[in-house]
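Novice: Just passing along the structure, written as structure tokens.
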Amino acid sequence: MLQEIQLPVVVDTKKWAIQDSETLYRIDGWGEPYFSINEAGNVTVSPKGDRGGCIDLFALVNDLKQRGLRLPMLVRFSDILADRIERLNATFAKAIARYNYNGVYRGVFPVKVNQQRQLVEEIAKFGKPFQFGLEAGSKPELLIALATLRTPGSLLICNGYKDAEYIETALLARKLGQNTIIVIEQLEEVEMIIRAATKLGIAPVVGVRAKLSAKGVGHWEDSTGDRAKFGLSMWEILETVEQLESANMLNSLKLLHFHIGSQISNISTIKDALREAGQVYVQLATLGAPMGHLDVGGGLGVDYDGSKTNFYASKNYSMQNYAYDIVAAIKDACADKVPVPTLTSESGRAIASHQSVLVFDVMGISGTPHQAISALKEDEHLIVQNLFEALENINESNYQEIYHDAVQFNQEAISLFSFGYLSLKQRARVERLFWECCDRILKVTRKLNYVPDDLEDLERAMALTYYCNFSVFQSAPDSWAIDQLFPIMPIHRLNEEPTCRGTIADLTCDSDGKIDRFIDLRDVKSTLELHPFIAEEPYYLALFLGGAYQEILGDLHNLFGDTDAVHIHTTPTGYKVEHVIKGDSMTEVLAYVQYNRDAMLENIRQETERSLQEKQITLDEARLFLQKYEHCLNGYTYLS
Ligand SMILES: *Cc1c(COP(=O)(O)O)cnc(C)c1O
């Protein structure tokens, strides 16, 4: 008879090293050159890439907590932003030199990607040496761009739906020296521009956005092609030229723009679009428009999974390839026919993604608990005996067979219990033994290169849930809305093997408030390797590359508001906290849905008064309750 349980058959004696964590979380793939792991097993941030300065992220977060910041917190690294802008400009400069391109690059940042004031101001500042401009996609964004951009020679591209007020504001701004270019996205706008220009007596500079037939693939595939929401088809472009000509304004047409969607994973899509756009450009110049600018829109991708493939979460080209292809294609298209244009890209994702890191804490876990299993006693039920035997014998050659046996024993136990042949105690014992078997089988399969299909779901079924102090809807909305993948990993304990597999659940009461898709070299994995959670000890995870779109798309589901945010600037001796932006208080979030703080407090005061009159509450309790209520109103929407 079996008396005790042996250790798992496969024992890994090799000590876990930080290199193992590097490989596991693929940090070199997506994080290079900004994120890495140090000897202490903590994530490090090198905001200037390989040009020096390295910050221990775990130590930084602890330091920021000392300064009163709360988790979850968004840490923005200003120098990463600067580095992205420099890199983009450097790659175009290199491409221009390599192809002897007789023109320049003047990029713009599309404000819609992240409108936070401090960030847009930093972009304008860091972009100054490159005459880097801004792109607005709406009236409020135009107002931001006008209030922020102070760079002579930079462009201010005006996209999006426009009314007369938008157009007149953009025109008048030219008198302040802003180089506003109004991009016609709808045929109706031509008439509006002609009218506004005539009324104000200001010569406009206009562009046309072309609907190309080259199609992206993936989520933004419909941004182009005949059914695209924006842009002019070829006959509409011709119509625009004619309308401008008859208003004697063809000399204002100076730019061709296209945008084939965001996160273009495959360089061949970009090449197709460039070939088509190059021809449109040459034709417009041939028709007598002065032209001089080509704006290739956004789309420059970010390698979220570090696989360097055309997978949707990745891209199969470098920023340098992108610049080479644009410069070469446009030089080629213009050949000796027309002078080459100034090149513009509206790269938002590629500039803003890397600079911010969302750090959040794990509050607890749930899942199949690991408890010691007491030894088998002489007279136990046959099913229990069978499971014990199965458990003891699991090895690399029979794990699949044993798995099926264990499933069957468990099923039998459930039936026997239903018919009253098994006690609750016996059923519980079977349950524990069954999960123990599954756990050991998983340990065996994890060491194998190939896992049979019938066992793949086991990993998911056995995964622990890590309850985390953040809201997916507020901080990573694209993860929920469009299944976007972001690299997520612990920021410390990386010299320790992450022996658990888990999924992430957020604070909201929404069953969609979870993350159960994680980056992997091949495709996507459904669980993430994490460390055993130790109660009362901090366990911090971070979501990386979320600096584009997530902040503004985030919403107030369950009334979880903006997180605390901080701007970190590297200094020769370490770092400096540049800006601290406190997250929303409950009062602010409640005001958004029309609750008035004072009215709520008064209401509560009256309720306590009533209870006092009815002698249901003591004066002390009433005071305490009011204090708590008011304290909450002033406080953070997340858990403290
Ligand atoms: C969204 C958008 C961009 C930004 O695209 P990224 O892929 O983030 O660089 C640029 N231009 C236009 C017109 C857009 O709508």
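Novice: Before anything else, pin down the relative contact order of the chain: Cα pairs under 8 Å, at least 6 apart, normalised by residue count, whole percent. Each step should come with its number before you reach the end.
Specialist: Working: 1199 pairs, mean separation 104.6, N = 640.
Reported relative contact order: 16 percent.
Novice: For segment 79-150 and segment 177-207, compute the distance between their C-alpha centroids and round to whole Å.
Specialist: 23
Novice: Moving on. At 1.4 Å probe size, with no ligands or nucleic acids counted, give the accessible surface of F560 in Å², nearest ten.
Specialist: Rounded to the nearest 10, that gives 20 Å².
Novice: Just flag the trypsin sites (Lys or Arg not before Pro) in segment 430-477 sitting in loop per DSSP whose Cβ has no more than 11 other Cβ atoms within 10 Å. Walk me through the intermediate numbers first.
Specialist: Values: sites: R432, R440, K443, R446, K447, R460; in loops: R446, K447.
Loop-located and lightly packed - K447.
Novice: Continuing with this model, one more query. Any chance you could tell me what percent of the C-alpha pair distances in segment 487-640 go past 24 Å? It would help to have the intermediate numbers written out before the result.
Specialist: Numbers: 6654 of 11781 pairs.
Summing the P(r) tail past 24 Å for segment 487-640 gives 56 percent.
Novice: May I ask which of K199/K229; K65/K576; K15/K447 have a Cα-Cα span longer than 20 Å here? Could the numbers behind the result be given before it?
Specialist: Numbers: K199/K229 30 Å; K65/K576 15 Å; K15/K447 15 Å.
Violating the 20 Å Cα-Cα cut-off are K199/K229.
Novice: Which residues' amide hydrogens lie under 5 Å from the amide hydrogen of Y575, considering only partners 5 or more residues apart or on another chain, with H built in the peptide plane?
Specialist: Correct list: empty.
Novice: Next up: If I ignore ligands, DNA and RNA and count only protein heavy atoms, how much of E245 is accessible to a 1.4 Å probe, in Å² to the nearest 10?
Specialist: Only protein atoms counted, so the area is about 100 Å².
Novice: Right, here's the next one. Scan around G133 for amide H atoms under 5 Å from its own, H built in the peptide plane at 1.01 Å from N, and keep only partners 5 or more places away or cross-chain.
Specialist: G107, V108, F109, L155
Novice: Over segment 103-346, what number does the Rg to Rh ratio reach, with both radii from the alpha-carbon atoms and Rh per Kirkwood?
Specialist: 0.95
Novice: Collect residues whose amide H, placed 1.01 Å from N in the peptide plane, falls under 5 Å from the amide H of G298; neighbours closer than 5 in sequence don't count.
Specialist: I260, G261, E346
Novice: Counting only protein heavy atoms, what percent of the accessible surface of the chain is carbon or sulfur at a 1.4 Å probe? Could you put the intermediate results ahead of the total?
Specialist: Values: 14880 of 29180 Å².
Heavy-atom surface of the chain belonging to carbon and sulfur, 1.4 Å probe: 51 percent.
Novice: Expressed as a whole number of Å, what is the distance separating the alpha-carbon centroids of segment 232-247 and segment 380-454?
Specialist: One Cα centre to the other: 73 Å.
Novice: May I ask for the angle, rounded to the nearest 10°, between helix 619-634 and the longest principal axis of the chain, with both axes built from Cα atoms and the value confined to 0 to 90°?
Specialist: Compared with the principal axis, the helix lies near 40 degrees.
Novice: Using the Cα centre as the reference, give the magnitude of the dipole from point charges on the C-beta atoms of the chain (Lys, Arg: +1; Asp, Glu: -1; all else neutral), rounded to the nearest 20 debye.
Specialist: Working: 62 positive and 86 negative charges, 490 e Å.
Its charge dipole is roughly 2360 debye.
Novice: Check the straight Cα-Cα distances from K94 and name the lysines below 17 Å, setting aside those fewer than 8 residues away within the same chain.
Specialist: The qualifying lysines are K331.
Novice: Something else: Expressed in nm², what is the orientationally averaged projection area of the convex hull enclosing the Cα positions of segment 299-395? Walk me through the intermediate numbers first.
Specialist: Numbers: hull surface 52.4 nm².
So the Cα hull casts an average projection of 13.1 nm².
Novice: Turning to a different aspect of this structure: Hey, if we sort K199, K139, K425 by accessible area with the 1.4 Å probe, largest down, what's the order? Let's see the in-between values first.
Specialist: Numbers: K199 140, K139 65, K425 175 Å².
Solvent-accessible surface, decreasing: K425, K199, K139.
Novice: Given the whole protein assembly as supplied and a 1.4 Å probe, what does the accessible area of D555 come to in Å², nearest 10?
Specialist: That residue has around 50 Å² of solvent-accessible surface.
Novice: What would the Debye formula give as log10 I(q)/I(0) at q = 0.09, 0.11 Å⁻¹ for the alpha-carbon point model of the chain, no solvent?
Specialist: Taken in order of the listed q values, log10 I(q)/I(0) reads -0.86, -1.11.
Novice: Would you rank Y467, Y304 by solvent-accessible area, highest first, keeping every protein chain in place and using a 1.4 Å probe?
Specialist: Ranking Y467, Y304 by accessible area, largest first, yields Y467, Y304.
Novice: Follow-up. Quick one: 3J(HN,Hα) in Hz for segment 171-183, Karplus 6.51/-1.76/1.60 with θ = phi - 60°, rounded, Gly and Pro as x.
Specialist: My calculation for segment 171-183 gives 5, 4, 4, 4, 5, 8, x, 7, 8, 6, 10, 8, 8 Hz in order.
Novice: Could I ask something else about it? Just to make sure I understand: if all protein chains stay in place, what is the order of W480, W235, W30, W16 by accessible area at 1.4 Å, largest first? Let's see the in-between values first.
Specialist: Values: W480 105, W235 160, W30 5, W16 50 Å².
Result, largest first: W235, W480, W16, W30.
Novice: List the lysines whose alpha-carbon lies under 21 Å from that of K377, not counting same-chain residues fewer than 8 positions away?
Specialist: Reachable lysines: K425.
Novice: Residue-wise, which Karplus ³J(HN,Hα) couplings in Hz belong to segment 246-263, taking 6.51 cos²θ - 1.76 cosθ + 1.60, θ = phi - 60°, and x for glycine or proline?
Specialist: My calculation for segment 246-263 gives 6, 8, 6, 10, 4, 5, 8, 7, 10, 9, 10, 10, 9, 8, 9, x, 8, 6 Hz in order.
Novice: How big is the charge dipole of segment 332-481 about its Cα centre, in debye rounded to the nearest 20, if each Lys and Arg gets +1 on its Cβ and each Asp and Glu gets -1 on its Cβ?
Specialist: Numbers: 12 positive and 22 negative charges, 99 e Å.
Value, rounded to 20: 480 debye.
Novice: May I pose another question? What is the helix-to-structure angle for 319-334, meaning the angle in degrees between its Cα long axis and the longest Cα principal axis of the chain, kept from 0 to 90 and rounded to the nearest 10?
Specialist: 30
Novice: Now a separate question. If you count, for each residue, the other Cβ atoms within 10 Å and average over each peptide, how do 205-214, 35-44 line up from highest to lowest?
Specialist: On the way: 205-214: 22.4, 35-44: 19.5.
Peptide ranking by packing, descending: 205-214, 35-44.
Novice: In whole angstrom, how far apart do the alpha carbon centroids of segment 598-640 and segment 263-304 sit?
Specialist: 61
Novice: Still on this structure: Counting only helical runs of four or more DSSP H residues, what would the 222 nm mean residue ellipticity of the chain come to if each run contributes -39,500 (n - 2.57) and the total is spread over all its residues?
Specialist: Values: 22 runs with 258 residues, N = 640.
Computed mean residue ellipticity for the chain: -12500 deg cm²/dmol.
Novice: Continuing with the same structure: So with the 1.4 Å probe, I'd like the accessible area per residue for the chain, rounded to whole Å². The partial results should precede the final answer.
Specialist: On the way: 29180 Å² over 640 residues.
On a per-residue basis, the chain sits at 46 Å².
Novice: Using the C-alpha atoms of segment 382-459, what convex hull volume per residue, in cubic angstrom, is computed? Before the final figure, lay out the partial values.
Specialist: On the way: hull volume 6.1 nm³, N = 78.
Value for segment 382-459: 79 Å³ per residue.
Novice: So what are the ³J(HN,Hα) numbers for segment 422-430, from phi and the Karplus equation (6.51, -1.76, 1.60; θ = phi - 60°), rounded to whole Hz, Gly and Pro as x?
Specialist: Each residue of segment 422-430 in turn: 9, 7, 4, 4, 5, 4, 4, 5, 4 Hz.
Novice: Could you tell me the largest-minus-smallest coordinate of the C-alpha atoms of segment 44-129 on each of the three principal axes, in descending order and whole angstroms?
Specialist: 54, 29, 17
The values are calculated or read from the model by the stated rules, or taken from the named source; none is laboratory data. No experiment lies behind these values; they were computed from the predicted model shown. Positions of Cβ are generated from backbone atoms using ideal geometry, with glycine treated the same way; all protein chains shown enter the neighbour counts. When the accessible area is computed, the model is the full protein with side chains, heavy atoms only, and any ligands, DNA or RNA have been set aside. Shrake-Rupley method; radii C 1.70, N 1.55, O 1.52, S 1.80 Å.
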